[in-house]
Structures are given as C-alpha cells and as structure tokens.
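Enquirer: The structure's right below; bear with me while I get my questions together.
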Amino acid sequence: MRIVDAVDIAGSVALAAILGLVIGAVVAGTACWALVSRPSEGEQAVQTAESSLPEGLDRILEVLPGAAFVVAHDNEVVRASRDAAPLGIAAGARLQLSEVLALVTAVRRDGETREQDLVLRRPPLGAGQLEARVRVAALSPLLALVTVEDLSESRRLDAVRRDFVANVSHELKTPVGALSLLAEAVQSASDDPDAVQRFAARMQVESQRLSNLVNDLVDLSRLQSDDPLKSVEHVEVDHVVSEAVDATKLLASAREIDVVVGDRSGAVVRGDESQLVTALRNLIMNAIVYSPAGTRVAVAARTCDGLVEISVTDQGIGIPADEQSRIFERFYRVDPARSRITGGTGLGLAIVKHVCANHGGECTVWSVEGEGSTFTLRLPLAPTPEGDLEP
C-alpha cells in the first residue's frame, strides 16, 4: 500500500469517527431517527432545525477537515465553518451548489451517509473549479452535515509525479539511445580510424550528458528527502560564493566569459554548505552558457532586512517574460535545442528552487530579452548568540 493511500484511509477513519460522534449526539438528544413529516410553516421549521442542533456543533465544525456546514430541510445553511466561506457558503444563505444539493437530497431521502468526488464551481461567477471530496451525513430528519475536502493540491502533486517519471524516462532514453547507436557505428567503422575517433568523441559527450543527468536526479532526490535545518551549521556566504566561482572557472575560461565577484558581505546563514554551493554554482553555470563570448557575469552578495541576497547577473540572451514563471519547473527548457547543445539537463533551476526552499528562502529572477538576466538567492541570516542577525 502507498503512503498516500494510508494517509487517505487514516483521514477517512478519523472523519468517520467525528461524524459518528456528531450523529450520536443528535440521536441522544432526539426522540428517534425515523423519517417524519416536515413542518408546514417555514419559521417553525427553522426553529425546529435550530433546536435539534447538537451541543458543541460549532466547535466540531471548526476541527473537521476542509469546509463543513449544516443544511436545513429548506436548503438553508444554519451553521458553517470558516473554511466554507471561499466556496460562497455562509450561515443564513441558501446552498447553491447543485452537485452538493443532489447528494443532500439523496441522504435526506433514505438517511444513508454518502461520499462522492465532485468538480465544484467557485462562486459567484462559477469560472473557477475545485476538485473536492464531498461527504454528507444525516444529523436528523431536518438537518444534514456536509464536509467538502479540497483535493486540488493532491491531484496536482499526483500529476507532477506522473510528469516527472515520464520526463525522466524520456531524458534517459535520449543519451542511452545515442550511445547505443554510436557504439554500433564504431563497430562498423573499425577499419576507419578517423571515423572511430569522431564517433568516440561523440560517445564521450553523450556519456557526460548521461552522467550529468543522473547526478542531477540524485541531487534533486536528496534535496526532497533531506532537511538541512535538522543538522544545521553556520555557513559563511563569502565562502559559498568563492567555492561556486572556483567550480565554474574552467567553463568560464573555455567560453571566454569573465566572472566578476563583488565585495565581501560577511554574512552568515544556517544550513548545508554543499547544497548552497550547488545552487549558486548552477546559477553561475547557467549565466555562463547562455552568455555570448567576451561578456561578463557578476556575482554579488549583500544583506538587507534580515536577509542575504546573492545575485548572479549576466549579459546573455535573456528570458521571455511569459516563460519566467516556469523556468524553475523540472525539465522545463525555454530553448530545448540550445539546451541540447550546451548539455543542460533541465534540472539545474529546479535544484536551486529546492535548495532555497529547504533553507527558508527563495530564488527570484529579473530578465529582459537581449539584455540579460539576474537571478537572486534570498536567504535568512543566521541569528547571533545575542539574538541579533548576522553580520
């Protein structure tokens, strides 16, 4: 059984227990739970519905997961939790969600508790949609308890996982397939030394690409399972900058890019030094490979309002405005053809994003096509023993 399934089951069991307590309270306070005729007068019906509410219902509604509310026989909401407000559901209003009304009507008819996954319209215009699990239980002949659990985020995460597996499979097939074909070419050209040399050189390129991809996947997996703040250490930002710049010197020299480092900041953060060096190195490498020869890449760090900001600025090709919101996604490439030429895996910025999140920070981007880009790591400064922030 998957962990996600276990959590869903545990949640359902807990909710069932709470529903049992609520229904039990009503049964204890009412004569019996057979169907009865509805009052003929609207006011009398409301008073009867109010009087049959179990004691402590408001407190119970607030601890139920998601939105929770109680509906009277005339579809008026007599009680609602705070989380019901975003759905346009409030006490004193009438329930307008037709899908939920259908479930409530069915429960009222036979008293059987029902659960169903629905796609609900978001009021008032109904333009947005919400994937939700709706549960309805009868509290009395006049009242029904409704809970609405938002499934949108879990469904989104499931889709991300599926896309990630599909993308990994695709990305691995490319260099592996290339290596297989090149090996066959070397074998068939065994009597042509020049061809063998050419194919062997290409095999080295593809094997390096495969190695880079595997290393990035391992790094990303480790980042998602490791919390650097659990084994925290004080890290000097200037040392992180120095290590990251040193790791990119050969690449910068080969591409005729001048990497310039600003003044020392003296800033100290808490976290994992190797992760921070990896994140900054990825930003500097990106700046180098997407910049024309003869330009500069500037790396600077400064403190501001309890944060340290480490910026990497290039004079490269820039990023289109409509692409900037997606560049931190796994395997997302603005220009796939250029990424193949530069050997990029499409995971570098995803790693940067996770490193920042693990350290309680963020990574922002400013870019203009044809003018260049600036990526900025924003991390909280480490507090001093006296409680002040470094430096």
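Enquirer: So which of Ala84, Ala90, Ala72 ends up being under 31 Å from the mean Cα position of the chain (by Cα), of a type outside the set (D, E, K, R) and closer than 13 Å to Leu145 by Cα? Let's see the steps before the verdict.
Expert: Values: Ala90 fails: closer than 13 Å to Leu145 by Cα; Ala72 fails: under 31 Å from the mean Cα position of the chain (by Cα).
So the residue among Ala84, Ala90, Ala72 that is under 31 Å from the mean Cα position of the chain (by Cα), of a type outside the set (D, E, K, R) and closer than 13 Å to Leu145 by Cα is Ala84.
Enquirer: Follow-up. Going by what's in this entry, would Asp238 be described as assigned to a helix (DSSP H, G or I), within 18 Å of Ala382 (Cβ to Cβ), modelled with pLDDT of 90 or more and over 27 Å from the mean Cα position of the chain (by Cα)?
Expert: When the stated conditions are applied, Asp238 passes them.
Enquirer: Sticking with this one: Those residues that are within 25 Å of the chain's Cα centre (by Cα) and at pLDDT 90 or above, I need them from segment 302-332; list them, please.
Expert: Residues of segment 302-332 within 25 Å of the chain's Cα centre (by Cα): 307-312, 319-332.
The answer is Leu307, Val308, Glu309, Ile310, Ser311, Val312.
The values are calculated or read from the model by the stated rules, or taken from the named source; none is laboratory data. Given the structure is predicted, the values throughout are model-derived calculations rather than measurements. When we count neighbours, we look across all protein chains shown, and the Cβ atoms used for this are built from the backbone with ideal geometry, even at glycine.
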